[in-house]
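K.L.:
Before we start, here is the structure in question, set down as structure tokens.
The values are calculated or read from the model by the stated rules, or taken from the named source; none is laboratory data. Everything numeric in this text was worked out from a predicted model, so none of it was measured. Ideal geometry is used to build each Cβ from the backbone, glycine not excepted, and the neighbour counts take in all protein chains shown.
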2 protein chains.
Amino acid sequence: MPKALLTDLYELTMAYSYFKRGLNTPAVFDLYVRPPVPYRRFLVFAGLESALSYLENLRFSEEELAYLESLGLFDRHFLDYLRNFRFSGEVWAVPEGEIVYPGEPLLTVEAPRIEAQIVETYLLNTVNFETLIASKAARVLLAAGEEASVVDFSPRRDHGEDAAMKVARSAYLAGFDGTSNVEAGKKYGIPVVGTMAHSYVMSFPDELSAFRAFAEDHPRPILLIDTYDTMAGLEHAIQVARELEAKGRRLLGVRIDSGDLPELTQRVRARLDEAGLSYVQIFISGDLDEYKIRDFKAAGGVAWGYGVGTRLGTSYDLPALGGVYKLVQDAEGPRIKKSPGKRTLPGRKQVWRRPEGDLVALRHEVHPGRPLLARAMERGHRLLPPPDLAALRRATRERIFALPEEQRVIDRPEAPRYPVFLSTELEKLQEHAAS
Amino acid sequence: MPKALLTDLYELTMAYSYFKRGLNTPAVFDLYVRPPVPYRRFLVFAGLESALSYLENLRFSEEELAYLESLGLFDRHFLDYLRNFRFSGEVWAVPEGEIVYPGEPLLTVEAPRIEAQIVETYLLNTVNFETLIASKAARVLLAAGEEASVVDFSPRRDHGEDAAMKVARSAYLAGFDGTSNVEAGKKYGIPVVGTMAHSYVMSFPDELSAFRAFAEDHPRPILLIDTYDTMAGLEHAIQVARELEAKGRRLLGVRIDSGDLPELTQRVRARLDEAGLSYVQIFISGDLDEYKIRDFKAAGGVAWGYGVGTRLGTSYDLPALGGVYKLVQDAEGPRIKKSPGKRTLPGRKQVWRRPEGDLVALRHEVHPGRPLLARAMERGHRLLPPPDLAALRRATRERIFALPEEQRVIDRPEAPRYPVFLSTELEKLQEHAAS
């Protein structure tokens, strides 16, 4: 569980001030990604499970309270309040795996002001990051295509341990086929995959001995053929494939991690086919992302599998999402912030998905289309059990591959953005709400 | 503690193969950052504490072993081996906070091959990330200057919980003054800082009431003055400063988070000075990094404090370091990998810091200068207790501000890189070592 103190200090200093002044009437905060978001034509929402689990379990331990006391910023009454803290609010949210767009509320917290304030930092941390990665993973999938097998190889470059776990889950949620992260396999039931490193090949007297040993010790071997010379390595792999056939087994594939991948994979594919090994798959890796996979395919590269690491796990071309958490309603009524470029949308809201584009409306309005936000938590208790991640993945993957062509393009930033409209009522309220 | 299964599956499949074949003689692996590294003229090494703590405490639980068994990849003997697994090797490393360069070994693991292999993923994960952030933080400090106060405001955009903790620690290690992350304050003894959000100001009938309330409830108030109109907000802050003076207290500062910061801060500074409040400091925030701080100062901006978030915590212009972990010696003697552009340096090594540039040599060589690598762990036990983080910070900060001018420049990628030489012996070995 995340620590209660994994929060910005100002959440607690503000909460303390609200506490002392009895400013604890219900407040409504929206979490959304501030537009525009560069390099992304759509986002895949993720992080709701982390958010709900956090809200249900948030407690301040005695050790944490002692530390807070030591800061000299808070009085005993407030520390007692924290000692008994439970999140008692309501949450509306988009389901994980839904396609969403900047400017749309993704998660709405309605709770006594102090509670709603204290949870801000963690909610932003987890939704920003998980949505960032699920959205990046979707782009990698679109570049690789529906027939390809795409797996997460990122743990060594992810930003710490929790990042490695969330990258594996978010990528799988979007539709990846597996991860190299064993703990993520255990925790989330994601298929785990792995081949061998160059150091394995170097640990044997020669490449052929290494391949034979690995094929003997692994039921579904993929051999890394580029430690010394890729085409010579391929011949060793072919020899091992034939030895496996003699035992009624099959070589699953060969992996190439360096060199001119479009050219090498074509030569490797041709040689494998010529050798009667058309079932042996080609797996590539090495700083891959959606752009490199697109270029690889455009240059005639042939691969069945892609291992995607650094650039997925850090969302390399866009390493952060500008998700924010803003007060939109309180006892005074709907509220807005009017700073230029940072204008907020007042009131409790709903998002309607319609063929002509999304409509952000006030929650009580009814429009044609499909409402995206649903109540996910009431009085501090989640309303539904955690979803089946594998089923969620299938649905998300289908949704991504069913996106219209203009949203599936990987670059072309000049193309029209998906339209997000405001309802007339919301526009009127935005003009008149108190700032 | 990090989980034992937070590792790439291939570490375990390779380890299994070594286990079955009795390939468990000592092997030596170097961890280093592959050159060139874009946008960085130097790196600040961090992550050693995480690495040593991991190596000392790595254990496989029964639950983890049961999961591994369920994969159908490993036999009972290997699972029994893992049940009793303890890292028993030796580690040489650069001290945390040392200035280092791409291509230099930062950490060397010498252990039975299986142990050295299994720890690869976690060591890379933590050293890559912590060094990435400490190096980014150093650049932010250089841009802000020695007199400025610079703090970490990144938790809401960091890549998960562990990232938020490691960003706070790595930035503080480099010389930051504090963090907004309360848990990092508790765990590492880092000073915690925080002001207020716009939603706090909006939670009161008017800005002046909000400022008065906050100043009453907080011993060292910094007031956020840009919720409505920055210059009008400043007048409210001045009024509160005068009210505090009447009570023998002082307003610590004002924060500005939006607008034309160079112009606004000049006007705010002039107005504060005119009002006799030259002790009230100006604190700025809002997507800051080394480039923006440099441009802000070049445009005449005046600030005492900088809150740096997203772009520090994600190392936005360079979201990953290409740290790798390579076999350099085993029972066969020194080893190299000869792939083009990925050539490794064979053998056990030492790095000598000299005025004319660093020298990478074999460990037994003696050269003038200061050796950077020291033995940090022997037979699986660390040789020194964890360092005093505050003392380490002071030393690192001094080292960064004492760097020669050509390394302190933030961009100018065309300027000469710091030279890293190889000793004659190492060069000869590289020619002759077995690949």
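K.L.:
Report, by residue number, each residue of segment B:194-206 that is more than 7 Å from chain A (Cβ to nearest Cβ) and buried (at least 22 other Cβ atoms within 10 Å of the Cβ). Working first, answer last.
P.N.:
We begin by selecting, within segment B:194-206, every residue more than 7 Å from chain A (Cβ to nearest Cβ); these are B:201, B:204-206.
Within segment B:194-206, just B:201 meets the criteria.
Quick grid of which residues meet (1) surrounded by fewer than 24 Cβ atoms within 10 Å (Cβ to Cβ); (2) farther than 27 Å from residue B:316 by Cβ:
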| position | (1), (2) |
| --- | --- |
| B:96 | no, no |
| B:105 | no, yes |
| B:112 | yes, yes |
| B:116 | no, yes |
| B:130 | no, no |
| B:134 | no, no |
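K.L.:
Looking at A:91, A:100 in this structure, which one is at pLDDT 95 or above, in contact with a Phe, Trp or Tyr (Cβ under 8 Å, 6 or more places away or on another chain) and either away from chain B (no Cβ under 12 Å) or crowded, with 21+ Cβ neighbours inside 10 Å (or both)?
P.N.:
Details: A:91 fails: in contact with a Phe, Trp or Tyr (Cβ under 8 Å, 6 or more places away or on another chain).
Of A:91, A:100, the one residue that is at pLDDT 95 or above, in contact with a Phe, Trp or Tyr (Cβ under 8 Å, 6 or more places away or on another chain) and either away from chain B (no Cβ under 12 Å) or crowded, with 21+ Cβ neighbours inside 10 Å (or both) is A:100.
K.L.:
To continue, here is another question. What number of residues within segment A:321-350 are in contact with a Gly (Cβ under 9 Å, 6 or more places away or on another chain), buried (at least 18 other Cβ atoms within 10 Å of the Cβ) and either at positive phi or more than 12 Å from chain B (Cβ to nearest Cβ) (or both)?
P.N.:
2
K.L.:
Sticking with this one: Do the conditions hold for residue A:184, that is, is it buried (at least 24 other Cβ atoms within 10 Å of the Cβ) and either in contact with a Lys or Arg (Cβ under 7 Å, 6 or more places away or on another chain) or among the basic types (Lys, Arg) (or both)?
P.N.:
On the way: buried (at least 24 other Cβ atoms within 10 Å of the Cβ): yes; either in contact with a Lys or Arg (Cβ under 7 Å, 6 or more places away or on another chain) or among the basic types (Lys, Arg) (or both): yes.
Against the criterion (buried (at least 24 other Cβ atoms within 10 Å of the Cβ) and either in contact with a Lys or Arg (Cβ under 7 Å, 6 or more places away or on another chain) or among the basic types (Lys, Arg) (or both)), residue A:184 qualifies.
K.L.:
Right, residue A:384: farther than 24 Å from residue B:288 by Cα, free of Cβ contacts under 8 Å to residues at least 40 places away in the same chain and either touching a Pro at 6+ places or on another chain (Cβ under 9 Å) or assigned to a loop (DSSP other than H, G, I, E, B) (or both) or not?
P.N.:
On the way: farther than 24 Å from residue B:288 by Cα: yes; free of Cβ contacts under 8 Å to residues at least 40 places away in the same chain: yes; either touching a Pro at 6+ places or on another chain (Cβ under 9 Å) or assigned to a loop (DSSP other than H, G, I, E, B) (or both): yes.
Yes; evaluated as a whole, the condition is true for this residue.
K.L.:
Still on this structure, I have one more. Which residues, counting only those in segment A:1-50, are of a type in the set (Phe, Trp, Tyr), surrounded by 22 or more Cβ atoms within 10 Å (Cβ to Cβ) and under 28 Å from the mean Cα position of the chain (by Cα)?
P.N.:
Correct list: A:10, A:29, A:32, A:45.
K.L.:
Looking only at residues that are part of a helix (DSSP H, G or I) and among the aromatic types (Phe, Trp, Tyr) in segment B:5-34, which one is farthest from the other protein chains (Cβ to nearest Cβ)?
P.N.:
B:19
K.L.:
Moving to a separate point now. All but one of (1) under 29 Å from residue B:401 (Cα atoms); (2) within 14 Å of another protein chain (Cβ to nearest Cβ) hold for residue B:61, so report the exception by its number.
P.N.:
The failed condition is (1).
K.L.:
Let me ask you something else. Could you list, in sequence order, the residues of segment B:337-358 that are β-branched (Val, Ile, Thr) and in a loop (DSSP other than H, G, I, E, B)? Talk me through it step by step, then tell me what you get.
P.N.:
Applying the first criterion (β-branched (Val, Ile, Thr)) to segment B:337-358 yields B:344, B:351.
B:344 - this is the single residue of segment B:337-358 that is β-branched (Val, Ile, Thr) and in a loop (DSSP other than H, G, I, E, B).
K.L.:
Can you confirm whether residue B:393 is of a type in the set (Lys, Arg) and surrounded by 12 or more Cβ atoms within 10 Å (Cβ to Cβ)? Show your work before the answer.
P.N.:
Numbers: of a type in the set (Lys, Arg): yes; surrounded by 12 or more Cβ atoms within 10 Å (Cβ to Cβ): yes.
Answer is yes for this residue.
K.L.:
Taking the options A:109, A:151, A:119, A:127, name whichever one is farther than 30 Å from residue A:333 by Cα, within 14 Å of chain B (Cβ to nearest Cβ) and either β-branched (Val, Ile, Thr) or touching a residue at least 40 places away in the same chain (Cβ under 8 Å) (or both).
P.N.:
A:151
K.L.:
Further question: Does residue A:37 qualify as being in a strand (DSSP E or B) and either more than 18 Å from residue B:157 (Cβ to Cβ) or of a type in the set (A, V, I, L, M) (or both)?
P.N.:
Numbers: in a strand (DSSP E or B): no; either more than 18 Å from residue B:157 (Cβ to Cβ) or of a type in the set (A, V, I, L, M) (or both): yes.
Judged against the criteria, residue A:37 is not a match.
K.L.:
Condition (residue is out of contact with any Lys or Arg (no Cβ under 6 Å at 6 or more places or on another chain), of a type in the set (D, E, K, R) and in a strand (DSSP E or B)) applied to segment A:359-379: is it met by at least one residue?
P.N.:
There is at least one residue in segment A:359-379 that is out of contact with any Lys or Arg (no Cβ under 6 Å at 6 or more places or on another chain), of a type in the set (D, E, K, R) and in a strand (DSSP E or B).
K.L.:
Sticking with this one: Identify, by number, the condition in (1) under 28 Å from residue A:120 (Cα atoms); (2) more than 9 Å from chain A (Cβ to nearest Cβ) that residue B:270 doesn't meet.
P.N.:
(1)
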